[in-house]
Amino acid sequence: MVTTRRASAPHPRSTDGPRVVLVGPPGAGKSTVGAALATRLGAELHDTDAAIEAAQGRSISDIFVDDGEPVFRALERAEVARALAEHTGVVAVGGGAVMDPATEAALDGHTVVFLDVAIADASKRIGFDRSRPLLSVNPRASWVAMMNARRATYERVATLRVDTAGRTPEDVVDEIVARLEATGGPDA
Ligand SMILES: Nc1ncnc2c1ncn2[C@@H]1O[C@H](COP(=O)(O)OP(=O)(O)O)[C@@H](O)[C@H]1O
Ligand SMILES: O=C(O)C1=C[C@@H](OP(=O)(O)O)[C@@H](O)[C@H](O)C1
Ligand SMILES: [Mg+2]
């Protein structure tokens, strides 16, 4: 039995926060499902990794190489906080963002969907190229260790968990929309 927290009720649908936040490990489909979900909701996707890359003018991978992970995490913390405060559509965050205590606290009260996936599907999807620096060495074992360390946090911050294994992004969007509507969301 997976325990996910409830969104504060009534969820503060507002003009100053996202309708849905997507969390989960690399390869869960946050960026891809996020784009399809935003289209379905008539909203915009804000992908925090893409925003960091645009603001920095360099790739996530280059930020890790040039400055190291702590600098990336500080940029990520600030970018997620900004997105939660300012963005009104769908927000997809990087897989490690929720491990920051300030970010976990900032997610409280938001509608947060944990896109779940196991290594079999994740490895097929992302192919473990160099775009994800934390997975550049021994990628499958690193992904499994990362997921083991993070799963409890994903479950704790989420108001909804959706299993994406063997399902297309559109199928995943269908389930998210149906389940959020059943629980009075997504802040419609
Ligand atoms: N449900 C899915 N089924 C098959 N492929 C998927 C699915 N979701 C995402 N993908 C593919 O997997 C890759 C990683 O997806 P992405 O959205 O970048 O994941 P994340 O942002 O969670 O790391 C992309 O090539 C994407 O097209
Ligand atoms: O899991 C992680 O720590 C990371 C996941 C990546 O995003 P995706 O989850 O979108 O791949 C990106 O933020 C960075 O490479 C670190
Ligand atoms: Mg992504």
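The values are calculated or read from the model by the stated rules, or taken from the named source; none is laboratory data. Bear in mind that the values here come from a model prediction, so they are computed numbers and not experimental data. So basically every Cβ, Gly included, is an ideal-geometry build from the backbone, and we count neighbours across all protein chains shown. Areas reflect the complete protein model, heavy atoms only, side chains present, ligands, DNA and RNA absent. Shrake-Rupley method; radii C 1.70, N 1.55, O 1.52, S 1.80 Å.
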Worksheet item: Near Gly27, within a Cβ-to-Cβ distance under 12 Å, what is the net charge of the other residues, with Lys and Arg +1 and Asp and Glu -1?
Response: +2
Worksheet item: Using alpha-carbon pairs under 8 Å, 6+ residues apart, how would you state the relative contact order of segment 54-144 in percent?
Response: 28
Item to complete: Would you mind telling me the share, in percent, of accessible area of segment 20-180 contributed by carbon and sulfur at probe 1.4 angstrom?
Response: 53
Worksheet item: If ligands, DNA and RNA are left out, what is the accessible area of Arg151 with a 1.4 Å probe, given in Å² to the nearest 10?
Response: 80
Worksheet item: For the modelled label position 7 Å from the Cα of Ala120 along Cα-to-Cβ, which residues of segment 128-161 have backbone nitrogen atoms closer than 19 Å?
Response: 128, 140-145, 147-148
Worksheet item: In square angstrom, rounded to the nearest 10, how much accessible surface does Arg132 have for a 1.4 Å probe?
Response: 90
Worksheet item: Got a sec? Which residues in segment 134-163 would a label at Ser61 touch, if it sits 7 Å along Cα→Cβ and we count backbone N under 15 Å?
Response: 134-139
Item to complete: Please determine, in degrees from 0 to 90 and to the nearest 10, the orientation of helix 139-157 with respect to the longest principal axis defined by the Cα atoms of the chain, where the helix direction is its Cα long axis.
Response: 30
Discussion item. Probe of 1.4 angstrom, ligands and nucleic acids ignored: what's the accessible area per residue over the chain, in square angstrom?
Written reply: 47
Practice prompt. Return P(r) of the chain (all Cα-Cα pairs; 5 Å bins starting at 0; whole %; ordered from short to long distances).
Written response: 1, 8, 17, 22, 22, 16, 9, 3, 1, 0
